1. Which one is surrounded by the fewest Cβ atoms within 10 Å (Cβ to Cβ) among residues in the stretch 262-286 that are outside any strand (DSSP E or B) and of a type in the set (Asp, Glu)?
2. Those residues that are over 17 Å from Ile63 (Cα atoms) and either modelled with pLDDT under 95 or polar (S, T, N, Q) (or both), I need them from the stretch 4-33; list them, please.
3. With buried (at least 18 other Cβ atoms within 10 Å of the Cβ) and more than 22 Å from the chain's Cα centre (by Cα) as the only criterion, which of Gly83, Gly43, Gly52, Gly74 stands out?
4. Considering only the stretch 396-403, I want to know if a residue exists there that is assigned to a helix (DSSP H, G or I), of a type in the set (Asp, Glu) and free of Cβ contacts under 8 Å to residues at least 60 places away in the same chain.
5. Can you run down the residue pairs with Cβ atoms below 8 Å, 6 or more apart or on separate chains, where the first is in the stretch 304-325 and in contact (Cβ under 8 Å) with a residue 12 or more places away in the chain and the partner is polar (S, T, N, Q) and assigned to a helix (DSSP H, G or I)?
6. Give the stretch 412-448 a look and list any residue that's without any contact (Cβ under 8 Å) to a residue 24 or more places away in the chain and either among the acidic types (Asp, Glu) or crowded, with 21+ Cβ neighbours inside 10 Å (or both), or say none.
7. Take Ala420 and tell me if it is over 29 Å from His223 (Cα atoms) and either among the aromatic types (Phe, Trp, Tyr) or not in a strand (DSSP E or B) (or both).
8. Looking for something hydroxyl-bearing (Ser, Thr, Tyr) and within 29 Å of Ala40 (Cβ to Cβ) - is there at least one such residue anywhere in the stretch 433-448?
Amino acid sequence: MFAKVLIANRGEIALRIARTCRGLGIRTVAVYSSEDADAAVLGVTDEAVRIGPPPAKRSYLSIPAIIGAARRTGADAIHPGYGFLSEDADFAEVCTTSGLTFIGPPAPVLRRLGDKALARAAMAEAGLPLLPGTVDPVESLAEAQETAREIGYPVIIKAVGGGGGRGMHVATTADELPGAYQRGRSDAQAFFGNSRVFLERYLPFARHVEVQVLCDGEGNGVHLGERDCSVQRRHQKLIEETPAPHLPAHLLDEMKRLALHGALSVGYVGCCTFEFLVDDRGGFYFLEVNCRIQVEHPVTEMATGIDLVREQIRVAAGHPLGLKQEDIVPRGAAIECRVNAEDPERGFVPTPGLLTEFRPPGGPFVRVDTHGFPGLTISSSYDSLLAKVVVWAPDRDEAIDRMRAALEEFRVAGVSTTSAFLRRVLDEPAFRQGLHSTALVEGMTQPG
């Protein structure tokens, strides 16, 4: 096992990783920007290194700064968490050449799956179903127009190097396609440093379902069930749950089988998540692979009792997978709500500021992953995620009621949050009945 792990991240995921490392007897190093000098994780890790000023490009995205911190502190592994450098193949390669273990998949696998066009081609070869569209990047507007005519509108333009729901643009008609194509290329370059895009059929009323997979370096793998992530705004997830409601068992079983097969087919090592869309006729389609621990991983942990970060670290350290598929028996229902420092009344604009009050909920089967505390200044430099409230119950109806009560109990002052809006979502009849789609939030926020 590793002696010391540097956590190349911030916020709640940095705390999450530090706590699991402590349980494994691993010493930890936090890194922080000057704006995060009062971060909660600094009181949990054994060491901390300031790596730069607030802009992420000069701190949490600075490979030289992070590698330098690891060398100075004698770390033998780096856990990237999610976001930032977690899916950066160059970073994984630099870790390896610097004698450090990157807690994630090998760099060649990251390169193959991080490029959405290459990932689609690999999964098509593995037998996973794809939405109608292009496998290779679209090289021109004329090619995009021809493809759209062939597959039919609406279509969506996505960045080849994309992730996190950013930079996607929908065209519902031929007249809208030129603008969507140009905006897609521009956003792809701005967000990911790569202007290449691809095009696929857009499903406006789909279910978004993902499968958690874990693999070791010896060709063994398991899936840990599915999560429904259909409650989204602008392709950003707000609520995740397991099991996925009102989907047939045979469809979910096939989705899980193919996800595990797809991961093993490319030699994946570590935690990954296969994302799918399910249409209203019961067909499902591969979207992408997230090559990291997911924000919503606690949902799976609550239902299975398995610490995913622990397994991720063990596998990275060279241990064979300690789980067999028959060992994984999800029970009950788990739901996660992402409480962001945002104002839903103003289009979910971020609301940085000083937390003058911060009292998370508690009680049986309630888990809160957060970096918040009274007196913390929520920065405008980083993601607005403030806390993840996760509940478990024997069935979905009870889990929804438990989540509703937990959000009511959550007390935050000084910044606006999405807590009240999330309660509204929980009360929506379509959500209560488990018949909602990715269009739910958009329908709730339309004027009039």
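The values are calculated or read from the model by the stated rules, or taken from the named source; none is laboratory data. Remember, predicted model here, so these are calculated numbers, not experimental data. We place every Cβ from the backbone using ideal geometry, glycine too, and count neighbours over all the protein chains shown.
1. My answer is Asp280.
2. Selection gives Thr20, Thr28.
3. Gly52
4. Checked against the condition, which is being assigned to a helix (DSSP H, G or I), of a type in the set (Asp, Glu) and free of Cβ contacts under 8 Å to residues at least 60 places away in the same chain, the stretch 396-403 yields at least one hit.
5. Ile306/Thr300; Asp307/Thr20; Leu308/Thr300; Val309/Thr20; Arg310/Thr20; Ile313/Thr20
6. Passing the criteria: Asp427, Glu428.
7. So Ala420 passes the test.
8. Pass one, the stretch 433-448, residues hydroxyl-bearing (Ser, Thr, Tyr): 437-438, 445.
Subset that is within 29 Å of Ala40 (Cβ to Cβ): none.
No; the residues of the stretch 433-448 include none that is hydroxyl-bearing (Ser, Thr, Tyr) and within 29 Å of Ala40 (Cβ to Cβ).
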